[in-house]
1. Give, in nm to one decimal, the length gained when the segment between B:Q255 and B:D398 is fully stretched (0.36 nm per residue of separation minus the Cα-Cα distance).
2. Mind jotting down the distance between the C-alpha centroids of the stretch B:208-257 and the stretch B:382-447, whole Å?
3. Return one number: the angle in degrees, 0 to 90 and rounded to the nearest 10, between the long axis of the Cα atoms of helix B:287-301 and the longest principal axis of the Cα atoms of chain B.
4. What does the C-alpha gyration tensor say about the overall shape of the stretch B:218-322? Classify as rounded when a/c is under 1.5, otherwise prolate if a/b is larger than b/c, or oblate.
5. If you fit an axis through the alpha-carbon atoms of helix B:184-195 and take the longest principal axis of the Cα set of chain B, what angle between them do you get, 0 to 90°, nearest 10?
6. Restricting to DSSP H runs of at least four residues, report the calculated mean residue ellipticity at 222 nm for the protein assembly as shown, -39500 (n - 2.57) per run over all residues, nearest 500 deg cm²/dmol.
7. Short version: what are the Cα gyration tensor semi-axes of chain B, square root of 5 times each eigenvalue, largest first, in whole Å?
8. Could you work out Rg/(2.2 N^0.38 Å) for the protein assembly as shown, with Rg from alpha carbons only?
Amino acid sequence: MSGPGRQITVTIPHDVGFDLKKIQKIQADLVARLGHTGCYSGFDILFKQEQEFMVNPGSLELHVSGR
Amino acid sequence: MYPDGKKRPKESVVGMRSAFPTTPLGVGLVYAPGLEPLIRGEPGLVDVLEIEPQTFWRKLAGGRYVVDTIRLNRLAELPGARIVHGVGFPVGSVRPPDPAHLRPLVECITLTGAEWASEHLNFNRGEDADGIYDAGFLLPPCQSPEGACVAAASARQSAVALPVPFLVENGVSYLAPRRGDLSDGMFLRQVVEQADCELLLDLHNAWTNDRNGRQPILDFLADIPLERVRELHLAGGVAEQGYWLDAHSGPVPPQLIDLARDLVPRLCNLNAIIFEIMPTYIDIVGLDVVRRELEKLHDLWSLRSLAPPPLRAAAEPAPDLANARSAALRWETTLAGLVTGRSAADSLADDLKRDPGLGVYRRLIAAYRASAVVGTLPFTGRLLVASLPPDALDDLFDTFWKEAAPEAFGEREARNFAVFLSARNVPTPIPLAEVLTFDLAVIDALTESRSARVSFSFDPVVVLGGLADHHLPEIAGPASETFYVDVSPAGLNFGLS
């Protein structure tokens, strides 16, 4: 396997309130998730967390229910 | 850093040893990138790093595994001794672990200079008419004398193939105890004594079993050969729908620390105490909490026995395997089939269907798979979460779970879900195909060093920026210009053509 350090850098040409750190963190977290899952026998809460954080602008309701 | 404050000696990188280190390693944690500030910045806090080797692997289409040596070698900069903790090839099964994993495992042991390696006393595969499949979770083994016999054979096979000592870890079971089974402790004793290997005692696993109605932990500790315990795991968990889950979600429960305080002085061969926390929870609880847990573990470490170890009981002769295999095979095929939604209709299946623990496994596997999808296709995942009502998203996932067996490697699960999604017309306010193509291009760049230009009919700075910020950006309609993102191993470049 080859590659320059398994990190993606982001450059943005114009400023629209884009949070560069957030997108960098998303890419860093992704790298750690591409291999085998780690050692645990409990809930992986990432999906639930995404639901809780996400506001649907169509309904302006916080998605907290689900799985 | 070693307990005496020195850096890891260079010769330890050779990684070929058959005995445990003469100097016990101390206190450590399971490596995760988010823990690096603690590992690097606070001398004496982390003596040893436990590395989960398969999290640094890729599974290729032909079933071969390759080590991401670039990521793994980055760890060489970190202080402390190393141990390797397998997470993908458990030894509690009638089916020996896939032999293809041995070469990359030995490579990881050698590259990291690990002092020993360990694996779980579980199984994680089933078999149907199409062949062997991944069950998507560590499942409890057949806990009869026959099951102990096949697990011991599997553990022996792993132990002789490795250049370092091999430890077996006790697992969690969310199933009710079954009449005729060995107790959790006696099962573990039989396996390690028949295999003549050492023990990684996960105290939180044993406590979880106790809390969920299995063997009381003091009885469990009385049953197991404490002189074989070389490593201790401690972690936190959560209560969920009447069960205590081994979630690795934060601080060690105070009752468990009290229990460890009584236990550690009795562990005459203890070489390391490791704190486990799942990467997702590091941001939630914060590094200060992790630091405090490590300090508690240092207090426990100071209580360890310094007396010479007692004479060890002779290894038990292994019973004949011939009759053991069929009982264990039936158990594994039935349980793996049921947790992955396959049909099964015999007396064992009927028993298991009455066990509410079966539903726990199904919920955990679904949560794991959904998290794997949104974690590996992050912008696609957020677009789906933002666009679909929860019930519709659940239905979409349920259809995928039925069509595709779980894949323990995140990249494989992501690519399978991308194929599944591409064949469907899922309504989203922003073209799903564009966002999915972008996510896949990032994976290609990270895993295969490929570059690609991804076109967008909307401004990707607004779209991806909004999703990164957990909201669906408002966009009036397709733009007159064509936007693109160049995705390459060097980075993302946003442009307009």
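1. Extending this stretch completely gives an extra 47.7 nm.
2. For the stretch B:382-447 versus the stretch B:208-257, the Cα centre distance is 36 Å.
3. Taking Cα atoms only, the helix is inclined about 10 degrees.
4. oblate
5. 80 degrees
6. Computed ellipticity for the protein assembly as shown at 222 nm equals -12500 deg cm²/dmol.
7. For chain B, the semi-axes come out at 40, 28, 21 Å.
8. In units of the globular-protein estimate, the protein assembly as shown measures up at 0.97.
Bear in mind that the values in this text are calculations on the coordinates, not laboratory data. As the structure is a prediction and not an experimental result, all values here were calculated from the model. Positions of Cβ are generated from backbone atoms using ideal geometry, with glycine treated the same way; all protein chains shown enter the neighbour counts.
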